[in-house]
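Peer 1: Following this message is one structure expressed as structure tokens.
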Amino acid sequence: MLDIGVNLTSSQFAKDVPLVVERARTAGVNAMLITGTDLHESRRAIAMAQEYPDYCWATAGVHPHNASSWNQQCAEEIAALAVLPEVVAVGECGLDFDRNFSTPDEQERAFTAQLALASELNKPLFLHCRSAHEKFISLLRPWLAKIPGAVVHCFTGSREELHECLDLGLYIGITGWVCDERRGLELRAMLPEIPTERLLLETDAPYLLPRDLENKPKSRRNEPCFLPHIVSQVAGWRQQDVEWLKQVTENNARQLFRLV
């Protein structure tokens, strides 16, 4: 298994990163991708990846929530980080019109700049889209022929949006959102429509603790060690063998992020 989305730089992990990594290894997680969400967090993600070589890798980018921080200096520093060997994707980048912590114009400017950076460096994209699908696709589409691949991380969109992403050749990142009987049923029903070769799995830890997890931690904190639960549930809903799906989705991730 490979967890493609871990926010290991979160303050929720400040006191026990080594234990979190150890529990992930014990649970059978063979690698994890630490998400960079702004310049500071991208630096920290890379530093953590350097602490766990050949087990952790990082992304470098600016999340749409933080797009107001994008300026020339930020762009230059993200570009310098993105060439490091520990960095396997540009992002987390994209659009989020659900909360608009940065204005739509700021988000679009930062996203477009990171699309250009991924093209320049020939790096995959780690993408975020929430309540912004039409504009997201319109900005992304012209760059797809110029990048080696992309995943829409933590996909929670509609069936129409899913198929448009698939038609464009994007990978789909699925989290424990599908384990939520309140919010995840629509996405759960769509799981069999995702081609296995385009499916990636992730925890998005410390967020999105699976609601159907037995023996939930008192902290309510999600961890990479819970990825096997997500894989098992997804395999059941897709009517696929669990161990086979673990290996196939890991292979997909290694191919996209060129970890083979």
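The values are calculated or read from the model by the stated rules, or taken from the named source; none is laboratory data. Since the model is a prediction, treat every value here as computed from it, not as a measurement. Every residue, glycine as well, gets a Cβ built from its backbone with ideal geometry; the counts of neighbours run over all protein chains shown. Areas reflect the complete protein model, heavy atoms only, side chains present, ligands, DNA and RNA absent. Shrake-Rupley method; radii C 1.70, N 1.55, O 1.52, S 1.80 Å.
Peer 1: Expressed as a whole number of Å, what is the distance separating the alpha-carbon centroids of the stretch 62-102 and the stretch 13-27?
Peer 2: When both Cα centres are located, 26 Å separates them.
Peer 1: How much of the accessible area of the stretch 1-150, in percent, comes from carbon and sulfur atoms when a 1.4 Å probe is used? It would help to have the intermediate numbers written out before the result.
Peer 2: Details: 3030 of 6150 Å².
On the stretch 1-150, the fraction of accessible area on carbon and sulfur atoms equals 49 percent.
Peer 1: On to the next question. Which lysines have a Cα less than 22 Å from the Cα of K146, not counting those fewer than 8 places away in the same chain?
Peer 2: In chain and number order, the partners are K123, K135.
Peer 1: With a 1.4 Å probe and every protein chain kept in, tell me what percent of the accessible surface of the stretch 179-233 is carbon plus sulfur.
Peer 2: Values: 1150 of 2530 Å².
It is 46 percent, rounded to a whole number.
Peer 1: Per residue, what accessible area does the chain have, given a 1.4 Å probe and all protein chains present, in Å²? Walk me through the intermediate numbers first.
Peer 2: Values: 11050 Å² over 260 residues.
Solvent-accessible surface per residue comes out at 42 Å².
Peer 1: How much net charge surrounds V20 when only other residues with a Cβ under 13 Å from its Cβ are counted (Lys, Arg +1; Asp, Glu -1)?
Peer 2: Working: positive: K15, R23, R25, R221; negative: D3, D16, E22, E51, E223.
Counting the neighbours of V20, the net charge comes to -1.
Peer 1: Net charge near L121: determine it from the other residues with C-beta under 15 Å of the C-beta of L121, scoring Lys and Arg +1 and Asp and Glu -1. Walk me through the numbers before you get to the answer.
Peer 2: Details: positive: K123, K146, R258; negative: E76, E77, E86, E120.
Taking every Cβ under 15 Å from that of L121, the sum is -1.
Peer 1: Can you pull out the trypsin sites (Lys or Arg not before Pro) in the stretch 18-114 whose DSSP state is coil and whose Cβ has at most 12 other Cβ atoms within 10 Å? Intermediate results must be reported in sequence, preceding the final value.
Peer 2: Working: sites: R23, R25, R43, R44, R99, R109; in loops: R99.
Sparse-neighbourhood loop trypsin sites (Lys or Arg not before Pro): R99.
Peer 1: Arrange the peptides 154-163, 234-243, 53-62, 167-176 so that the one whose residues have, on average, the most other Cβ atoms within 10 Å appears first.
Peer 2: Working: 154-163: 17.0, 234-243: 14.7, 53-62: 24.5, 167-176: 20.6.
So the peptides 154-163, 234-243, 53-62, 167-176, ranked by packing, come out 53-62, 167-176, 154-163, 234-243.
Peer 1: Kirkwood Rh and Cα-based Rg: tell me the resulting Rg over Rh for the stretch 165-225, rounded to two decimals. Can you show the working numbers first?
Peer 2: Values: Rg = 12.9 Å, Rh = 12.6 Å.
Ratio value, two decimals: 1.02.
Peer 1: Over the stretch 2-257, what is the mean sequence separation of C-alpha contacts under 8 Å (at least six apart), divided by residue count, expressed as relative contact order in percent?
Peer 2: 19
Peer 1: Another question, then. How much length is gained on full extension from A145 to A116, taking 0.36 nm per residue of separation minus their Cα-Cα distance? Working shown, then result.
Peer 2: Working: separation 29, 0.36 × 29 = 10.44 nm, distance 1.18 nm.
That pair, A145 and A116, stretches by 9.3 nm at full extension.
Peer 1: Sticking with this structure for a sec: Could you calculate, for the stretch 79-161, the ratio of the Cα radius of gyration to the Kirkwood radius, expressed as Rg to Rh?
Peer 2: Details: Rg = 12.5 Å, Rh = 13.0 Å.
We get a ratio of 0.96 for the stretch 79-161.
Peer 1: Rounded, prolate or oblate: which fits the stretch 200-260, taking a ≥ b ≥ c as square roots of the Cα gyration tensor eigenvalues, rounded meaning a/c under 1.5, else prolate when a/b beats b/c? Display every interim value, and only then the final one.
Peer 2: On the way: a/c = 3.02, a/b = 1.46, b/c = 2.07.
Oblate, because a/c is 1.5 or more while a/b does not exceed b/c.
Peer 1: Given R₀ = 45 Å, what would the calculated FRET efficiency be for A80 paired with W244, taking r from the Cβ atoms and rounding to 0.05?
Peer 2: Details: r = 40 Å, r/R0 = 0.89.
The value I calculate is 0.65.
Peer 1: Could you give the C-alpha radius of gyration of the stretch 1-109 expressed as a fraction of 2.2 N^0.38 Å, taking N as the number of residues it contains?
Peer 2: Numbers: Rg = 14.4 Å, N = 109, 2.2 N^0.38 = 13.1 Å.
Normalised by 2.2 N^0.38 Å, the Cα Rg of the stretch 1-109 equals 1.10.
Peer 1: For D54 and L19, FRET efficiency with R0 = 22 Å and r from the beta-carbon atoms, rounded to 0.05? Walk me through the numbers before you get to the answer.
Peer 2: Values: r = 20 Å, r/R0 = 0.89.
That gives a FRET efficiency of 0.65.
Peer 1: Further question on the same structure: Binning every alpha carbon pair distance of the stretch 2-257 at 5 Å from zero, what are the percents per bin?
Peer 2: Spelled out per bin, shortest first, that is 1, 7, 15, 19, 21, 18, 13, 6, 1, 0.
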